[in-house]
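Below is one structure, written out as structure tokens; comments come after it.
Every number here is computed from the coordinates shown, using simple stated rules; none is lab data. Worth saying up front: this structure is predicted, and the values here are computed from it rather than measured. Here the Cβ positions follow ideal geometry from the backbone for every residue, glycine too, while neighbour counts run over all protein chains shown.
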Amino acid sequence: MKKSKLIMIVGAFLLLALFVFPLWNITLEAPQYPIGIGMDIWINKITDHNPNDIQNINLMNHYVGMDNIPEHMSEFDVFPIVVGLMSVLGMALGFIGKRKLYLAWFILMAILGSAGMYDFYSWEYEYGHNLKSTAAIKFSDADGNPLAYQPPLIGNKTILNFKAKSWPTTGAYLLFTGMMLSIIAFVVDKKEEANS
């Protein structure tokens with residue numbers, strides 16, 4: 001088997017790591033939570049980073065009028081299907097061995113990944129801005145507008161006395177690696193053709 005084919009197959013196979021590892025992590029650090037409390041976001045669920053973290057986040061959110069962390073979202077039904085199909089498609093393209101198809105797969109993955117990030121941002125925005133008017137504690141900015149509690153899409157952000165951290169984790173790194181391997185397969189195939 002040509003080296004380029006093998007690289008493409010391995011790259012597409014790496015997408016299946018999203019069924020084993022979380023994609024993203026959001027952590028809140030504050031004096032009352034010195035080790036931080038957080039949640040891991042998978043393609044099909046949201047889980048505690050440490051035991052009872054989501055329960056503690058929901059308790060805090062209740063006081064400022066935020067919704068609870070959802071136990072289920074419609075994306076959790078769609079994402080596993082998309083990831084599974086894209087992995088199988090990528091491996092099939094690897095066996096076919098046409099380098100233009102490697103590039104097409106990468107572009108499709110980039111589009112789907114961008115759509116996923118936009119969906120994630122939209123959820124964070126809604127989650128941090130849609131506050132209940134019956135909240136026990138209300139904070140305002142310098143202009144008197146209700147304060148939003150949207151965590152960052154990626155990076156760190158201070159919200160009141162909390163430091164919110166939002167970063168990709170193992171699943172996202174393996175996804176990115178798989179996508180990059182499709183580009184490497186494209187380049188290697190070009191070299192293989194030139195040397196044949």
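Each of S122, L160, Q150 was scored by the projection of its Cα onto the charge dipole of the chain, and the greatest displacement toward the positive side belongs to S122; charges sit on the C-beta of Lys, Arg, Asp and Glu.
Hydrophobic, long helices, defined as DSSP H runs whose alpha-carbon span along the helix axis is 18 Å or greater and whose mean Kyte-Doolittle value is at least -1.0, occur in the chain at 75-96, 99-129, 170-195.
Helix-derived [θ] at 222 nm for the chain: sum -39500 (n - 2.57) over DSSP H runs of at least 4, divide by residue count, nearest 500?
Working: 5 runs with 102 residues, N = 196.
For the chain, the value works out to -18000 deg cm²/dmol.
For the chain, modelled as a GNM whose springs connect Cα atoms under 10 angstrom apart, the maximal fluctuation among D48, D77, D143 occurs at D143.
Here the range 82-130 is treated as a Stokes sphere of Kirkwood radius computed over C-alpha pairs; at 10 °C and 1.306 mPa s its diffusion coefficient rounds to 129 µm²/s. Between A30, V82, W105, the Cα set farthest toward the positive side of the dipole of the chain (charges on each charged residue's Cβ, about the Cα centre) is that of W105.
Length gain on complete extension for the stretch L153 to A104, per 0.36 nm per residue less the alpha carbon to alpha carbon distance?
Values: separation 49, 0.36 × 49 = 17.64 nm, distance 2.71 nm.
Answer, rounded to one decimal: 14.9 nm.
Dividing the convex hull volume of the alpha-carbon atoms in the range 3-191 by its residue count gives 126 Å³ per residue.
Dimensions of the range 49-111 from C-alpha coordinates, computed as largest minus smallest value along each principal axis and given longest first, are 56, 22, 19 Å.
With only Lys, Arg, Asp and Glu charged, each at its Cβ (+1 for the first two, -1 for the last two), find how big the charge dipole of the range 3-191 is about the Cα centre; round to the nearest 20 debye. It would help to have the intermediate numbers written out before the result.
On the way: 13 positive and 14 negative charges, 234 e Å.
The calculation lands at about 1120 debye.
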